[in-house]
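These notes concern the structure reproduced below.
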Amino acid sequence: MVDSKQETISQQTPTTVVEKKTTAEPKKQPYFYHLDQIPLSQDRARMFLESFAVILRHTNYRPVLDIYARNMAHCARCATTCPVYQATEDPRDIPCYRSQQIVDIYKRYFTLGGWLRAKILGDDPLTNQKVDEIAESLYRCTACRRCSIECPMGLDHGLITHFGRYVLSEAGIAPKGLVVSVREQLEGKTRNTSAVPLPALVDTLQFLEEDFESMKNAKVRFPMDVSGAEYIFFTPVSDYLMEAETLMGIAGVLTAGGVSWTIGTRVYDAINYGLFYNDWVLDRVENEIIGEARRLKAKNILIGECGHASRASKFFIPTFNRGKPIPVVNIIELTYSLLQAGKLDLDPNVVTEKVTYHDPCNLARTGWIIDQPRAILRSFVKDFVEMTPNGRENYCCGGGGGTVSLDEIHKFRMEVGGRTKMEQIRATGAQIVVAPCANCKKQLRELMKYHKLPVEVVGLHDLILRAIRMPNASADQSDGANASESSLVEFSRSQ
Amino acid sequence: MEELLDFLKGPLLPFVFMIFLLGLVRQVVLSTWALIEASRKAGDTNIPYGRVLRNIATWVFPVAHLHRSLPVFSYASFFFHVGVVMSAIFLREHIDLFGHLGLNWPSIPRPYVDWLALLALIGLTVLLGYRIYVRQSRAVSSFADYAILVLLILTVGMGYLAGQSWNVIPYNVTMVFHIAAGSAILVLIPFTKLAHCLLYPFVRLSSEIGWHFTRDAGYDVVKTLYGPEGRKI
């Protein structure tokens, strides 16, 4: 490791960013989290504690840490629920062990008892090496929160992972892959994580409209910047690059259902990596989304097929919204209600393959979206099979917590994080796995390829697209928001 | 030995109960206050108390969960908890300790308490075995985890032995160990993980409230750490 001398915090002196550039990177860890501005500061332990202290002062984490510190029973039941531990059997992957590292630092540095104990019994100060170990430990976790289901005490290790990553990130330690994307989203020109410029988006949507027409012999539109729509649609911007069928399926459903909707032209990315590593980012991204919804006077925020973006908006817009409340709806909920209302006609003879469903952790862990996608699938899929376990107890795809965006840990995701999921899918014998989440889809596709499983990974609306029978041409004129026929053409001209 | 027993049962016991009670009250007050503060600071104050309470109730009698992960450990833990709580609270001799305060409540007849104590002992032995022999359990165990188990085994084991006619250890000796270890447990409750005997509901509540972040806290953190100019992403 970097600190061969096991420096203590008091021995370290603050150093500037530039001075760190020459520090040799250790080769031991499979991947690193250090930002380019503050590469591997020699002061990581001090910065970590400073960040810890300031976050405790301004946030709600202190009572959690305090109560956890007094009650952790160390029963290790969580180990049996964690897919990462199941694959590695490495003690540092036990959720309780991971959380204990953070709780120990809290007790030692931020409680009177810990301070007294250090004075009386001697000290084991936080070192840079320990901070590195914590960083690695916290990013080996996929933040799927499966462990929280079986903790008899009710500890939420996902919350501690979230807090620990937040502390690390304010101390300058965060995965580069996430930070670079967020920088473009919040400080870049394109205001989205994949740097998709608006003209490219408009071109893509035009192409999708044409493609849909040739596929289904019916028109759909992707209405842009329509004011006063019932729903403003945000999806991971990567969908516009890679998930054409998901988007066409969604457009088909919304058109068939006569839904009034629009896509904003200033902010069109639902991705919020803040959920994975930083509350400040979480707040800012959600407020970008809220701002766009207000600008277009939309009544509801509609999130596409994405687990983390849906959870970030559903559960944190009420937290960070500084104005009138705006309801958040996931596209699966809306599609389900349209199906229930008899507005969707799905051909039951199109999808004949054996299909299974993967629950994205961020949709299913709290019991939010579990039955709706199954009801949709069962309405038109002939051979639907469940994987075990499923629903609230599903296993993570292995790319949760932002790790899917880190290409440098591809092997870890394939052989450790995603191993249990791969075995689950294999056991179903399914030919198609439905995963209504951009992150899950990316991870599962890589997983199927890596383990040579002949399984197609699709989104829920990809399958709906195959089965949907569109109403006649006159009906599709009702696609809401009173969008003008030439909304996309107008944008094309203005670019 | 008799003097020691008299000391443990006499002047020490009220002192032990005082630390136990005051310590727990302090814990409950601090935790309640901290959670009230946190729920006030939350940006979204719509906290699903009903769901949390249902969860708490489910896990007080977690019969539906026991077989789901580490079943042997889980059943042992459940039977230990039932045995130790019931035998501690409903043994006639324990109730009589509070007689001079005018307190009294129904007791469970001795033979049944003996079975409960045996249940607790078996549970404790399995728990200790798990800590020692099962890798994942050993990995997360600290010295305190073992020490508490040993103290509990001493307390329950000696208490059980004291009531048996076949006990070959002198009665006073078993009682000294029983009361000394029991007193240690009572004193340790407010300062160790044993506090969960009363704080348990606060853990689930804090897990829920913890996700209810504070509005603007992210900005405040950045300003405090990096100055009014803030920082770039």
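Quick one: A:PHE234, B:PHE80, fewest Cβ neighbours within 10 Å first, how do they rank? The partial results should precede the final answer.
Details: A:PHE234 27, B:PHE80 22.
Starting with the residue having the fewest Cβ neighbours, the order is B:PHE80, A:PHE234.
So if I place +1 on the C-beta of Lys and Arg and -1 on the C-beta of Asp and Glu, and nothing else carries charge, what would the dipole magnitude of the stretch A:26-174 be about its Cα centre? I want it in debye, nearest 20. Could the numbers behind the result be given before it?
Details: 19 positive and 16 negative charges, 52 e Å.
Taking the Cα centre of the stretch A:26-174 as origin, the dipole is about 240 debye.
Setting aside same-chain residues fewer than 8 positions from A:LYS354, which lysines have a Cα under 26 Å from its Cα?
Cross-link targets: A:LYS216, A:LYS343, A:LYS382, A:LYS421, A:LYS441, A:LYS442, A:LYS449, A:LYS452.
Given contacts defined as C-alpha pairs under 8 Å and at least six residues apart, what's the relative contact order of chain A, whole-number percent?
17 percent
Sort out for me the Cα centre separation of the stretch A:423-449 from the stretch A:245-295, rounded to whole Å.
Here the answer is 24 Å between Cα centres.
At what distance in nm do the modelled label points of B:ILE95 and B:ALA147 sit from each other, each positioned 7 Å from its Cα along Cα→Cβ?
Distance between the two pseudo-spin positions: 3.5 nm.
Could you work out how far the C-alpha centroid of the stretch B:114-147 sits from that of the stretch A:207-241, in angstrom?
Using only Cα atoms to place each centre, the spacing works out to 59 Å.
Got a sec to turn the phi values of the stretch B:17-24 into Karplus ³J(HN,Hα) couplings, 6.51 cos²θ - 1.76 cosθ + 1.60 with θ = phi - 60°, whole Hz, x for Gly and Pro?
Karplus values, whole Hz, x for Gly and Pro: 5, 4, 4, 4, 5, 4, x, 5.
Remind me, relative contact order of the stretch A:346-467 in percent, using alpha carbon pairs under 8 angstrom and six or more residues apart? Don't jump to the answer; show the numbers that get you there.
Numbers: 202 pairs, mean separation 39.0, N = 122.
Relative contact order here is 32 percent.
A:LYS354's amide H: which non-local residues (gap 5+, or another chain) put their own amide H closer than 5 Å, with H modeled 1.01 Å from N in plane and none for Pro or chain starts?
A:GLN431, A:ILE432
Collect residues whose amide H, placed 1.01 Å from N in the peptide plane, falls under 5 Å from the amide H of B:THR214; neighbours closer than 5 in sequence don't count.
A:ASN60, B:GLY43
Within chain A, which DSSP H helices have Cα atoms that stretch 30 Å or more along the helix axis and a mean Kyte-Doolittle hydropathy of at least -0.5? Mind showing how you got there, number by number?
Working: long enough: none.
Span-like helices here: none at all.
Using alpha carbons only, how many degrees (0 to 90, rounded to 10) separate the axis of helix B:143-162 from the longest principal axis of chain B?
30 degrees
Using +1 at the Cβ of each Lys and Arg and -1 at the Cβ of each Asp and Glu in the protein assembly as shown, identify which of A:LEU334, A:ASN272, B:VAL52 lies farthest towards the dipole's positive end.
Projecting each Cα onto the dipole axis, the largest value belongs to B:VAL52.
Along the stretch A:357-369, what does the Karplus equation 6.51 cos²θ - 1.76 cosθ + 1.60 (θ = phi - 60°) give for ³J(HN,Hα), rounded to whole Hz, x for Gly and Pro?
So the J values, rounded to whole Hz, are 10, 9, 7, x, 4, 6, 8, 9, 4, 8, x, 6, 10.
Can you give me the C-alpha center-to-center distance between the stretch B:46-76 and the stretch A:85-148, rounded to a whole angstrom?
25 Å
Mind putting a number on the dipole of chain B about its Cα centre? Charges go on the C-beta only, +1 for Lys and Arg and -1 for Asp and Glu, and I need it in Debye to the nearest 20. The partial results should precede the final answer.
Numbers: 18 positive and 13 negative charges, 193 e Å.
Charge dipole of chain B: 920 debye, to the nearest 20.
Mind checking the dipole of chain A: about its Cα centre, +1 per Lys or Arg Cβ, -1 per Asp or Glu Cβ, Debye to the nearest 20?
Numbers: 59 positive and 59 negative charges, 229 e Å.
That gives a dipole near 1100 debye.
Can you tally the net charge around A:VAL84? Count Lys and Arg as +1, Asp and Glu as -1, for every other residue whose Cβ sits under 13 Å from the Cβ of A:VAL84.
Details: positive: A:ARG92, A:ARG98, A:ARG140, A:ARG145, A:ARG146, A:ARG413, A:ARG419, A:LYS421; negative: A:GLU89, A:ASP90, A:ASP93, A:GLU136, A:GLU415.
Local charge sum for A:VAL84: +3.
Give the long-range amide H neighbours of A:ASP345: residues separated by 5 or more places, or on another chain, with amide H under 5 Å away, using H modelled in the peptide plane at 1.01 Å from N.
Amide H neighbours of A:ASP345: A:ARG469.
Compare the Cα positions of A:GLN424, A:VAL458, A:TYR357 along the charge dipole of the stretch A:346-467 (+1 at Cβ of Lys, Arg; -1 at Cβ of Asp, Glu; about the Cα centre) and return the one farthest towards the positive end.
Working it through, the farthest residue towards the positive pole turns out to be A:GLN424.
If I measure Cβ to Cβ between cysteines in chain A, which ones have no partner under 4.7 Å?
So, A:CYS75, A:CYS82, A:CYS96, A:CYS141, A:CYS151, A:CYS306.
Could you point to the residue in B:GLY159, B:ILE169, B:VAL140 farthest towards the positive end of chain B's charge dipole, with +1 and -1 charges on the Cβ of Lys/Arg and Asp/Glu respectively?
The residue sitting farthest along the positive end of the dipole is B:VAL140.
Quick one: work out the % antiparallel among DSSP beta bridges in the protein assembly as shown, nearest 5. Walk me through the numbers on the way to the answer.
Working: 3 of 23 bridges.
Once the DSSP bridges in the protein assembly as shown are tallied, antiparallel ones form about 15 percent.
For B:LYS232, give me every one of the lysines with a C-alpha distance below 18 angstrom, ignoring sequence neighbours fewer than eight places off in its own chain.
List returned: A:LYS176, A:LYS189, B:LYS223.
From the phi of every residue in the stretch B:91-102, what ³J(HN,Hα) in whole Hz does the Karplus formula 6.51 cos²θ - 1.76 cosθ + 1.60 yield, where θ is phi - 60° and glycine or proline is x?
The phi angles translate into 7, 3, 4, 5, 5, 5, 4, 9, x, 5, 8, x Hz.
Which of A:ILE370, A:ILE232, A:ILE332 has the fewest other C-beta atoms within 10 Å, and how do the rest follow up to the most?
Working: A:ILE370 17, A:ILE232 28, A:ILE332 23.
Fewest-to-most ranking of A:ILE370, A:ILE232, A:ILE332: A:ILE370, A:ILE332, A:ILE232.
Sort A:CYS306, B:CYS197, A:CYS82 so the one with the fewest other Cβ atoms within 10 Å of its own Cβ comes first.
The most exposed by this proxy come first: B:CYS197, A:CYS82, A:CYS306.
Using 7 Å Cα-to-Cβ label points, what is the A:THR352/A:TYR450 separation (nm, one decimal)?
Label at A:THR352, label at A:TYR450, 3.4 nm between them.
Bear in mind these aren't lab numbers, they're just calculated from the coordinates by the rules spelled out. Fair warning: this is a prediction, and the values are worked out from it, not measured in the lab. All Cβ positions, glycine included, derive from the backbone under ideal geometry; neighbour counts span all protein chains shown.
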